[in-house]
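Each remark here refers to the structure printed beneath this line.
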Amino acid sequence: MSPAAFEHICIFHILDGLRDGLSHFSHPSRAAVIYARTPDSHPRICDPQDLLRGHEPMLQDFYLYSSHWRGEGTHQMEILESDEDCPVLAGTIALGARSGPMHYQMWFTDEHPDMCSVGPTKRWLEYAVGLIAQNFSTRDVQNLDTAGFVLQHCATHAVRDYIVDERSRLGWLDTRVRIYPFLDAILGVSGTQEEGEWPRGRMVVVEPAQLDQVRFICRFPAMEQPALADTKHVRKLLQAVEDSGRVLISDGQRVLGIAIGSMPGAYLAAQFSGTRGFLWIRDQLICTFYDGDFHSSNLRANLVQLEEQLLETDMDMADQHTLMQILALMVNRVRDRKHGCTLVIDTGEERLSMSGQHFETPLDLQESSQLKLACSLAKLDGALHVGRDLKLHGFGCLMDGRSVPGENRARGARFNSALRFTAEHEEIVVVVVSADRPVSIIKNGVEMTALCNFEQICSFVRPPLLAEWIMS
């Protein structure tokens, strides 16, 4: 096989495996790479799903008008992830490397707005970097399918490596805590029901050398400490710390007892919240876990499009900010309670008259007690009518209108009624929260939050030169 053919086949398999793996860890994701085979090679780009389109001026300045990126020739792998070494492109995560087999490579992927942390995703890009260097070193075409497959299933490894790196950065280079058993226990416990109930409560892993700083309520004898691998036993013990300030304490291998209060050092904490949960290093959220795997989403509603719509109104900036906080709290409260609702945000100077249940005096949503009442009223059939004055003017409101293009019978009455209603009222934005957690933001008869379905990557010819790609 010619060097050029091996090059584009290797890039294809690794990029496709990376894209598929990150799409399961996060939302649907794209991947791209810029690389130079030797110190004197012109940079090439592989971007089959146009992740980097729109960033041509920055890439031109970084790669074509400067040679800083080339660095010095090296046989050792040099990871590049600082802002000085990586092009800073809005909406992307970047990580690259220099090495002997592949002089330069820089990988990019989507940075989703609801990510807990970009750390695990960067570790995933580091795996792609290593596989490229390894395969260009061996030039064994039979390994390429395996390389792509490996990158599809790296969630646990990426989370583990990021935890190790963060704990090292915090000063815990010499540690007795083993991360993999803890991560396996988290997934095992999260999928185990007890008397028909999903797990709730908190489990914390503390460095053995710091256990004397933990405020134990009770400790278990050494011969009776349940192993983390015994997920059924650990699940039963979690019942003792549900809905309380108490936590299960572990050294990474066994459950040692129950404690309260603050925890020392770079401790790890798993918060089980029914069918989903959250993983932390101290007060830093790393990722979430549900459906038997780890994910990057923080499980909060993505309301970026709603914020953009509010910014386009003539509302005072302070009122925009307050209204956004109110709506975010209401949406996330409804999602946590797992019932659907519809919020009609009326941004017009003249408030729309909607049929439904009204109040003698509108509820002031800046008052905590009235905001809680509004969240409870969201359970009732019909929409909540929220005005630009930060008040709730009605509940159980009905939305009607003529049929519009884009209706989707699979989405139910809330969604389609919102499409029709907003198509006839220009100053209205509607937020539809489904009982199964998806959130849709609709204006002018169009869903602003519709996901983009990226085309499947097919085998391609050798990636073009970056200069040609920019000019095209």
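The values are calculated or read from the model by the stated rules, or taken from the named source; none is laboratory data. Keep in mind the model is a prediction, meaning the values are calculated, not measured. Every residue, glycine as well, gets a Cβ built from its backbone with ideal geometry; the counts of neighbours run over all protein chains shown.
Computed values, structure above
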{"quantity": "Any hit, segment 95-108, residues being among the aliphatic types (A, V, I, L, M), surrounded by 23 or more Cβ atoms within 10 Å (Cβ to Cβ), without any contact (Cβ under 8 Å) to a residue 40 or more places away in the chain and closer than 28 Å to Ile163 by Cα", "calculated": "yes"}
{"quantity": "Single residue of segment 435-444 satisfying the filter (at pLDDT 65 or above and surrounded by fewer than 19 Cβ atoms within 10 Å (Cβ to Cβ)) that is farthest from the chain's Cα centre (by Cα)", "calculated": "Asn444"}
{"quantity": "Candidates Ala301, Ala229, Ala209, filtered to the one that is at negative phi, under 26 Å from the mean Cα position of the chain (by Cα), modelled with pLDDT under 95 and outside any strand (DSSP E or B)", "calculated": "Ala301"}
{"quantity": "Top-ranked residue of segment 109-135 - restricted to ones that are polar (S, T, N, Q) and farther than 22 Å from Phe294 by Cα, ranked as surrounded by the most Cβ atoms within 10 Å (Cβ to Cβ)", "calculated": "Asn135"}
{"quantity": "Selection count, segment 242-282, where residues are surrounded by 21 or more Cβ atoms within 10 Å (Cβ to Cβ), within 28 Å of the chain's Cα centre (by Cα) and within 13 Å of Ile217 (Cα to Cα)", "calculated": "3"}
{"quantity": "Single match in Ile79, Ile9, Ile45, Ile34 (criterion: on the phi < 0 side of the Ramachandran plot, in a helix (DSSP H, G or I), in contact (Cβ under 8 Å) with a residue 40 or more places away in the chain and in contact with a helix residue (DSSP H, G or I) (Cβ under 8 Å, 6 or more places away or on another chain))", "calculated": "Ile9"}
{"quantity": "Boolean, Ser369 is over 28 Å from the mean Cα position of the chain (by Cα), surrounded by fewer than 18 Cβ atoms within 10 Å (Cβ to Cβ), of a type in the set (Ser, Thr, Tyr) and assigned to a loop (DSSP other than H, G, I, E, B)", "calculated": "no"}
{"quantity": "Gln225 within 24 Å of Gln193 (Cα to Cα) and surrounded by 18 or more Cβ atoms within 10 Å (Cβ to Cβ)", "calculated": "no"}
{"quantity": "Residue in segment 331-344 that is assigned by TED's automatic domain parsing to the domain that holds Gly356, part of a loop (DSSP other than H, G, I, E, B) and either of a type in the set (Ser, Thr, Tyr) or under 22 Å from Glu426 (Cα atoms) (or both) present", "calculated": "no"}
{"quantity": "Of all residues in segment 283-328 being among the small types (Gly, Ala, Ser) and over 30 Å from Arg160 (Cα atoms), the one that is surrounded by the most Cβ atoms within 10 Å (Cβ to Cβ)", "calculated": "Ala328"}
{"quantity": "Filter pass, Ile163 being in contact with a Leu (Cβ under 9 Å, 6 or more places away or on another chain) and at pLDDT 95 or above", "calculated": "yes"}
{"quantity": "Neighbours by Cβ (under 7 Å, 6+ apart or cross-chain): first from segment 437-451, within 18 Å of Asp346 (Cβ to Cβ); second among the polar types (S, T, N, Q) and at pLDDT 85 or above", "calculated": "Ile441/Gln305; Ile442/Thr422; Lys443/Gln309; Lys443/Thr422; Asn444/Thr422; Gly445/Thr422; Met448/Gln305"}
{"quantity": "Matching option when the condition is assigned by TED's automatic domain parsing to the domain that holds Leu125, more than 24 Å from the chain's Cα centre (by Cα) and within 30 Å of Phe289 (Cα to Cα), among His24, His13", "calculated": "His13"}
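To keep it simple, each residue is scored yes or no on (1) among the basic types (Lys, Arg); (2) assigned to a loop (DSSP other than H, G, I, E, B); (3) modelled with pLDDT of 85 or more; (4) surrounded by fewer than 16 Cβ atoms within 10 Å (Cβ to Cβ).
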site: Asp381; (1), (2), (3), (4): no, yes, yes, yes
site: Gly401; (1), (2), (3), (4): no, yes, no, no
site: Pro405; (1), (2), (3), (4): no, yes, no, yes
site: Gly412; (1), (2), (3), (4): no, no, no, yes
site: Ser417; (1), (2), (3), (4): no, no, yes, no
site: Ala423; (1), (2), (3), (4): no, no, yes, no
